[in-house]
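Peer 1: Handing you a structure now.
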Amino acid sequence: MNIEKAIQTRSGSKCELCGSGDELSVYAVPPVEEITADKCVLVCATCKGQIEDHSTVDANHWRCLNDSMWSAEPAVQVMAWRMLNRLRAEGWPQDLLDMLYLDDDTLIWAKADGDGLDDDEVLKYIDSNGAELKAGDNVVLIKDLNVKGAGFTAKRGMAVRNIILSHNDPEHIEGKVNGQHIYILTKYVKKN
Ligand SMILES: [Zn+2]
């Protein structure tokens, strides 16, 4: 079954956030390494537009989260958490957030791309030049690195594509080198 079909079935072909049936599309909840149905929500054009463009957010539209935040799907819980956090100055979203329970992994995911967080709550991952690193960036190694346990040296100048930011550890990123998943100190990379 393809991803879109799986999500259509799971959601009953309705927006998983507001229940609308209008212009539905699959939204991959960032950061996404590999797109699977678990990482996606089915959203209508209204929800998607407001998720992607913060300046168009209409708080009243998101009263729908009153229902959808109770979804069993972690991807839906993550989007509910992010939108409620964006809107919490309105008052009622904070009340809903106080009731919304996310398990540890889901909460890490919810916080992972900084959406809905105050700037000082977001961990900053900084490369050797002081540039901020984001999930999915490509970087280059600035020195030879001995990869512990893997028995090879990752050479200076080697590219690491599509990096992952290590959870709650702003000194490390993760990525594939020679087909192996390795951890790299952010101070030894340069954003490409
Ligand atoms: Zn919607």
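The values are calculated or read from the model by the stated rules, or taken from the named source; none is laboratory data. Model, not experiment: these values are computed from the prediction. A quick note on method: Cβ atoms are made from the backbone with ideal geometry, for glycine too, and the neighbour counts reach across all protein chains shown. Heads up: the accessible areas ignore ligands, DNA and RNA and are worked out on the full protein's heavy atoms, side chains in. Shrake-Rupley method; radii C 1.70, N 1.55, O 1.52, S 1.80 Å.
Peer 1: Just need the relative contact order of the stretch 125-191 here, percent rounded to a whole number, with Cα pairs under 8 Å and 6+ apart.
Peer 2: Numbers: 139 pairs, mean separation 25.5, N = 67.
Relative contact order for the stretch 125-191 comes out at 38 percent.
Peer 1: Averaged per residue, what accessible surface does the chain expose to a 1.4 Å probe, in Å²? Intermediate results must be reported in sequence, preceding the final value.
Peer 2: Working: 10630 Å² over 192 residues.
For the chain, the per-residue accessible area is 55 Å².
Peer 1: With a point put 7 Å past each Cα toward its Cβ, work out how far residue 6 is from residue 148 in nm, to one decimal.
Peer 2: Result for the modelled spin labels: 3.5 nm.
Peer 1: Would you mind counting up the charge near residue 71? Only other residues with Cβ under 13 Å from its Cβ, with Lys and Arg at +1 and Asp and Glu at -1. Could the numbers behind the result be given before it?
Peer 2: Values: positive: 10, 14; negative: 16, 38, 67, 73.
With Lys, Arg at +1 and Asp, Glu at -1, the net is -2.
Peer 1: Over the stretch 35-174, what is the relative contact order in percent, taking alpha-carbon pairs closer than 8 angstrom and at least six residues apart?
Peer 2: On the way: 151 pairs, mean separation 20.6, N = 140.
Reported as a whole number, the value is 15 percent.
Peer 1: For every other residue with a beta carbon closer than 14 angstrom to the beta carbon of residue 176, add +1 if it is Lys or Arg and -1 if Asp or Glu, then tell me the sum.
Peer 2: Working: positive: 161; negative: 33, 34, 137, 174.
Neighbourhood net charge equals -3.
Peer 1: How many nm separate the modelled label positions at residue 158 and residue 66, each set 7 Å beyond the Cα in the direction of the Cβ?
Peer 2: Label-label distance for residue 158 and residue 66, simple model: 5.5 nm.
Peer 1: Residues with beta-carbon under 10 Å from that of residue 127, excluding residue 127: net charge, scoring Lys, Arg +1 and Asp, Glu -1? Working shown, then result.
Peer 2: Values: positive: 187, 190, 191; negative: 132, 137.
Once all neighbours under 10 Å are counted, the net charge is +1.
Peer 1: Carbon-plus-sulfur fraction of the accessible area of the stretch 3-120, 1.4 Å probe, in percent?
Peer 2: Working: 2690 of 6020 Å².
It is 45 percent, rounded to a whole number.
Peer 1: Just to confirm the filter: which GluC sites (Glu not before Pro) across the stretch 33-75 are DSSP coil and have at most 14 other Cβ within 10 angstrom of their Cβ? Working shown, then result.
Peer 2: Details: sites: 33, 34, 52; in loops: 33, 34.
When the GluC sites (Glu not before Pro) of the stretch 33-75 are filtered for loop state and at most 14 Cβ neighbours within 10 Å, 33, 34 remain.
Peer 1: Looking at the chain as a GNM with Cα springs under 10 Å, which of 80, 28, 110 has the largest mean-square fluctuation?
Peer 2: Comparing 80, 28, 110 in the GNM, the peak value goes to 28.
Peer 1: How many percent of the accessible area of the stretch 125-191 is carbon or sulfur, using a 1.4 Å probe? Please list the in-between numbers first.
Peer 2: Values: 1760 of 3910 Å².
Using a 1.4 Å probe with all protein chains present, the stretch 125-191 comes out at 45 percent carbon and sulfur.
Peer 1: Of the candidates 75, 112, 150, which one comes out as most mobile in a Gaussian network treatment of the chain with C-alpha springs shorter than 10 Å?
Peer 2: 150
Peer 1: Here's something else I'd like to know. Out of 155, 39, 14, any idea which swings most in a Gaussian network model of the chain, alpha carbons joined below 10 Å?
Peer 2: In this elastic network of the chain, the residue with the biggest mean-square fluctuation among 155, 39, 14 is 155.
Peer 1: Suppose only helical runs count, i.e. DSSP H with n ≥ 4. What mean residue ellipticity at 222 nm does that imply for the chain under -39500 (n - 2.57) per run, divided by all residues and rounded to the nearest 500 deg cm²/dmol? Can you show the working numbers first?
Peer 2: Details: 6 runs with 50 residues, N = 192.
Calculated at 222 nm, the ellipticity per residue is -7000 deg cm²/dmol.
Peer 1: Measure off 7 Å from each Cα along the Cα-to-Cβ vector at residue 32 and residue 168, then give the distance between these two points in nanometres to one decimal.
Peer 2: 2.7
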